[in-house]
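Values in this text are rule-based calculations from the coordinates and carry no lab data. What you see is a predicted model; the values in this text were computed from it and never measured. With ideal geometry, Cβ positions are generated from the backbone for all residues, glycine too; neighbour counts draw on all protein chains shown.
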């Protein structure tokens, strides 16, 4: 019994010793880890401070260096990208200066001169002050240096932009560095671009094996610069026959893809042109379909919408500068309302007394168009005015290197689709639309059941004029705004109405798509003038075969 108790006590003592030893070891490891972390943190801090010190000196070193020294610094920037961006900002804003002794100065607000890097205000300016600028050679070196630094960025978009720049400076690249970057790259899109860059460097090497491997990689490319590189290689008289065959096959493959991208771009351009044409023709389809009025002032209502957009933009710049990128949201309803009000005024004062007399109405509205153009010239001048493209509609979606879909034209297509859907809803699902359809189909019967046809005429004309204003607002984002803007679209708008069928919204949509896309495609092969002539001939032939347009005319026009 005593032996058992002694054994249990000994076991407990051993366990306690083991627990104490384990705790002590853990504590030592924790202390050691904390010490190591502190040392690492201190080293990182010292490294960061050292980097900041080098960055702070880099701008001064650049200012003091001669031409060759500056070029070498830009090719291999010694500091971080933020310091290089700050240097570029100083130079681009004409803020960087130096004296004959090499001291750096920063000009602030064109009146205050600061010493660099302590940024102390100088009461007296040096007499030998001179501005630091970049010549074209240094600007090229700067772009190359920025690209090499951004290639190390964590942002994949920055790395892709860097590759775009490096591809124009192949002779200055080290293939070993590119290979190392390729091995560590995780983003598939960036890795594919690096592989293309590797292949272009390998293609320039003298051995045939490297060239064949590069051709196999570059054959999947769709870049015009690669196509040009192959075209240049095919012109070499002493080119190896097998290599020439491989290059020719890759050249044909790339050319096919580039042509497909270009035709896709042409079709999209035709679609955006058709959208603008549809916006211009929708209002004309309503007014002509309802009232039978050939409104030659419709183009000037488009122009008024564009100038309203310009006025709204100017007001935002003057009074709401912080929100100038959102002026378009205010310009859209403003363009509709201004054009609609002017259209209703024209209907009441000029067109209403001339109902049923189409020749007189045509001449009267033509006179109104001349008056509106002259008024615009008197108020805004005869020159075009500038309507800036807002920031969030600038640029585009790069589908391929040879296919860019601009944001402003994508927005116009979407905007036209929304307007079309709203118009279809208005004409088919609302009380006003019911009245419009009733007056269009049988004016006398509509009057007999109590519909005020004169009021419906005025509102419908205002709706058509407002749609013209929206077309002008859209046109202001992609073209010039001037007094003659509407004259460029009035004939095409009438063609859309006639081909689609008078008063037919669906017909106008199909006609606008057909005329817009076919016009763009024809311009590629035969030029703008011959394309317009060919299009007019096709329209004439179509009207001879089908005078009523794509869809038959209903209501009082049947007679």
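Points to keep in mind about this one:
- Cα-based helix-to-principal-axis angle, 208-218 vs the chain, degrees rounded to 10: 50 degrees
- With Cα atoms, 0 to 90° folded angle of helix 327-346 axis to the chain main axis: 10 degrees
- Looking at the chain alone, DSSP beta bridges between its own residues are antiparallel in about 100 percent of cases.
- Angle of helix 188-203 to the longest C-alpha principal axis of the chain, folded into 0 to 90 degrees and rounded to 10: 80°.
- Working note: 222 nm ellipticity from helices only, DSSP H runs with n ≥ 4, each -39,500 (n - 2.57), summed and divided by the residues of the chain, gives -24000 deg cm²/dmol to the nearest 500.
- Contact order normalised by residue count of segment 258-361, Cα under 8 Å, 6+ apart, percent: 27 percent
- In this simple spin-label approximation, residue 235 and residue 398 carry label points 7 Å from Cα along the Cα→Cβ vector, and these lie 2.6 nm apart.
- Contact order normalised by residue count of segment 182-306, Cα under 8 Å, 6+ apart, percent: 16 percent
- Convex hull volume of segment 266-558 per residue (C-alpha atoms, cubic angstrom): 141 Å³
- What the Cα atoms of the chain give is an Rg and a Dmax of 35.9, 133 Å.
- With the simple model of a label 7 Å out from the Cα in the direction of the Cβ, residue 429 to residue 319 spans 3.5 nm.
- Sorting the segments 424-435, 376-387, 134-145, 469-480 by their residues' average number of neighbouring beta-carbon atoms within 10 angstrom, most packed first, yields 469-480, 134-145, 376-387, 424-435.
- Pair residue 123, residue 536: separation of 7 Å Cα→Cβ label points (nm): 7.8 nm
- Taking the C-alpha atoms of segment 411-559, convex hull volume expressed per residue in Å³: 125 Å³
- Pair-distance profile P(r), taking every C-alpha pair of segment 448-512, with 10 angstrom steps and integer %: 18, 39, 32, 9, 2
- With q set to 0.14 Å⁻¹, the log10 of I(q)/I(0) for segment 231-300, from the Debye formula over equal scatterers at the Cα positions, is -0.64.
- Over 27 Å [Cα-Cα, segment 149-300], rounded percent: 45 percent
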